[in-house]
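Q: Quick one: this structure, given as structure tokens, is what I'll be asking you about.
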Amino acid sequence: MKKANSTVEGPDGLVYTARLPPSSATLNWLADLIRGHLKKIGSRWRALPAGKIAGIVLAVLRCDQRPGDLAGGNGIHRTTVARWVWEVVGLLAARAPRLERALKKIARTGGGVVLLDGTLIRTRRRTGTQNRKNYSGKSKCHALLVIALTDDRGRLLWASAARPGRTSEITACRHDQLTAKLRAAGLGAIADLGFIGPDDSDPDADTCRGVVRVGYASRPAVLLLSA
């Protein structure tokens, strides 16, 4: 019996089609953002048009497609796909609302309370010293922690920078000075019991008359409050 050592696919590899969850409106919006950026930096030529670049970047960010697979199917190099992804991530990050502006917008529209929560975004296991930082002992997985603020209807207002998974939610809140910024905007926040302790004010002070308490624990969950 002869051994078949040849590859199953041909020299050009297999090509398959896939459907992305994002809508066409999202794709067009991202393509326009890329076109504006290319015009701003004076880039006259790219290997693919902006619409194609937007589709490839969304496939990586939304569906976790491997850059090498997308590169082979579009006739470009893997490093080109990776560079496009980081470029678009930077463009999206620049458009993200700053915390102070988001809180002031809620205060201007008559809102008095925001919802506060943290979420872990699972990642692949890293090698070396970076492995320990991303491991969450609470969830038993490698992840990044993101703190998010929404309005009372659950619409996203602001998301923090991604931090290593071992970071606690309270530490992340203190790093972003959420308590001080909420007081400055005259807003309060509702959160779960994981946020016990971010308020550094005196519990007997007059500023705590508006404290929101939720859940059951050995001590009440004192959450962020307005001034």
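The values are calculated or read from the model by the stated rules, or taken from the named source; none is laboratory data. As the structure is a computational prediction, the values presented were derived from the model and not from experiment. Ideal geometry is used to build each Cβ from the backbone, glycine not excepted, and the neighbour counts take in all protein chains shown. Note: areas computed on protein heavy atoms with side chains; ligands, DNA, RNA excluded. Shrake-Rupley method; radii C 1.70, N 1.55, O 1.52, S 1.80 Å.
Q: Exactly one condition in (1) β-branched (Val, Ile, Thr); (2) at pLDDT 85 or above; (3) not in a helix (DSSP H, G or I) is not met by VAL8; state its number.
A: (2)
Q: For ALA148, only one of the following conditions fails: (1) under 20 Å from ILE190 (Cβ atoms); (2) open to solvent by 20 Å² or more (accessible area, probe 1.4 Å); (3) at pLDDT below 85. What is its number?
A: The single condition ALA148 does not satisfy is (3).
Q: Pairs needed: first member in region 45-74, within 21 Å of LEU33 (Cα to Cα) and in contact (Cβ under 8 Å) with a residue 60 or more places away in the chain; second member anywhere, open to solvent by 30 Å² or more (accessible area, probe 1.4 Å) and not in a helix (DSSP H, G or I); C-beta distance under 9 Å; at least 6 residues apart or different chains.
A: Within 9 Å, no pair qualifies.
Q: Among (1) aliphatic (A, V, I, L, M); (2) modelled with pLDDT of 80 or more; (3) more than 18 Å from the chain's Cα centre (by Cα), there is one condition ALA159 misses while meeting the rest; what is its number?
A: For ALA159, the exception is condition (3).
Q: So, one more: Here are ASP64, ASP32: which of them is surrounded by 12 or more Cβ atoms within 10 Å (Cβ to Cβ) and of a type outside the set (A, V, I, L, M)?
A: Working: ASP64 fails: surrounded by 12 or more Cβ atoms within 10 Å (Cβ to Cβ).
Only one candidate qualifies: ASP32.
Q: Same structure, new question: Please specify each residue of region 100-142 satisfying the condition of being more than 30 Å from ILE41 (Cα to Cα), part of a helix (DSSP H, G or I) and open to solvent by 100 Å² or more (accessible area, probe 1.4 Å). Before the answer, list the steps.
A: Residues of region 100-142 more than 30 Å from ILE41 (Cα to Cα): 103-142.
If we keep only those that are part of a helix (DSSP H, G or I) too, we end up with 103-108, 130-133.
Answer for region 100-142, where residues must be more than 30 Å from ILE41 (Cα to Cα), part of a helix (DSSP H, G or I) and open to solvent by 100 Å² or more (accessible area, probe 1.4 Å): LYS104, LYS105, ARG108, ARG132.
Q: Within region 27-35, identify whether any single residue is under 26 Å from ARG174 (Cα atoms) and modelled with pLDDT of 85 or more, and answer yes or no.
A: From region 27-35, those under 26 Å from ARG174 (Cα atoms) are none; that's our starting set.
The answer is no, given that none of the residues of region 27-35 is under 26 Å from ARG174 (Cα atoms) and modelled with pLDDT of 85 or more.
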